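Taking it in order: structure first as structure tokens, then the write-up.
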Ligand SMILES: C[S@@+](CC[C@H](N)C(=O)[O-])C[C@H]1O[C@@H](n2cnc3c(N)ncnc32)[C@H](O)[C@@H]1O
């Protein structure tokens, strides 16, 4: 009886102590990195991965491949899991994505890793972004802290596109400003603006799950909820007000789609901060921006990523 109990416990331990790791890969061309990264993130999310990471590798011929390493609970056999994933990749949306490897991974202290992750990150001249549990470290006491709980929404501050947007925002925000944050995610940009002196924020995201996360982060930063309006909305649809600063760290296509409405949404001396585009994509964006009555005040690059601050070209 005792032995059987031990065997049972061991089996339970074994079950909880490993999971399956599946590596997916796809070829990258010069200007499709962000689209393919989003596609890989979708693969991880809808195949119920319990954790994932995306990397890029290249060979001596200069050919680039994007890899997704996704972890799955070991509740079913690896062959069964691989067959399910192969079937799922037959969807035309995932054309070009293939499974490169499947293997068993020992359990790692994800909880601890999660808590050790996101150390204080100085951004721009005066900001430091950090997870709330790093507060006690009093790192960078001279900087304004932005506390972000790393959950599922995009915008921990660690992505280059967010850092570009934060840096351009920090330079522009003035006491009393009203900010409109399109694609708010964690709320990091409008929270930074309010902590830097803005009076009021309007934040929108097409993904309803981001709203609660943004509220949680507002709370962590001691922001008065009365000065923020958060809503689920598509780009600038239905927005009739005018603001001092508009921020949009979204991808190229939503940024382009929004451009015809941006001028109208800005007060006379207002500015718009766009990020979330690659260096290659910036050429397309700049030409459409200029034909929509806006002009670039400042551009910024960070790795492969590009962003800018733009103002009205006239009047
Ligand atoms: C790259 S994240 C940026 C998050 C955060 N603002 C930051 O700077 O880190 C882009 C966000 O835009 C949202 N989004 C994508 N398409 C959108 C649309 N058409 N309208 C509003 N939000 C959108 C996504 O749900 C996501 O939260």
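Within region 108-164, can you find the residues that are more than 16 Å from the ligand (Cβ to nearest atom) and at pLDDT below 75? Selection gives 108, 109, 110, 111, 112, 113, 114, 115, 116, 117. Residues in region 252-294 that are touching a strand residue (DSSP E or B) at 6+ places or on another chain (Cβ under 6 Å), surrounded by fewer than 18 Cβ atoms within 10 Å (Cβ to Cβ) and more than 21 Å from residue 229 (Cα to Cα): 279 only.
Considering each residue of region 223-244, count those that are under 17 Å from residue 205 (Cβ atoms) and touching a residue at least 60 places away in the same chain (Cβ under 8 Å), and give that number.
1
When 25, 74 are screened for being closer than 28 Å to residue 150 by Cβ and at pLDDT below 85, only 74 passes.
Within region 174-204, the set of residues being over 17 Å from residue 219 (Cα atoms), crowded, with 20+ Cβ neighbours inside 10 Å and either more than 16 Å from the chain's Cα centre (by Cα) or more than 7 Å from the ligand (Cβ to nearest atom) (or both) comprises 177, 179, 180. When residue 170 is tested against (1) modelled with pLDDT under 95; (2) under 18 Å from residue 307 (Cα atoms); (3) surrounded by fewer than 23 Cβ atoms within 10 Å (Cβ to Cβ), just one condition goes unmet, and that condition is (1).
The values are calculated or read from the model by the stated rules, or taken from the named source; none is laboratory data. Owing to the predicted nature of the structure, the values given are computational and were not obtained by experimental measurement. Note that each Cβ is placed from the backbone with ideal geometry, even for glycine, and that neighbours are counted across all protein chains shown.
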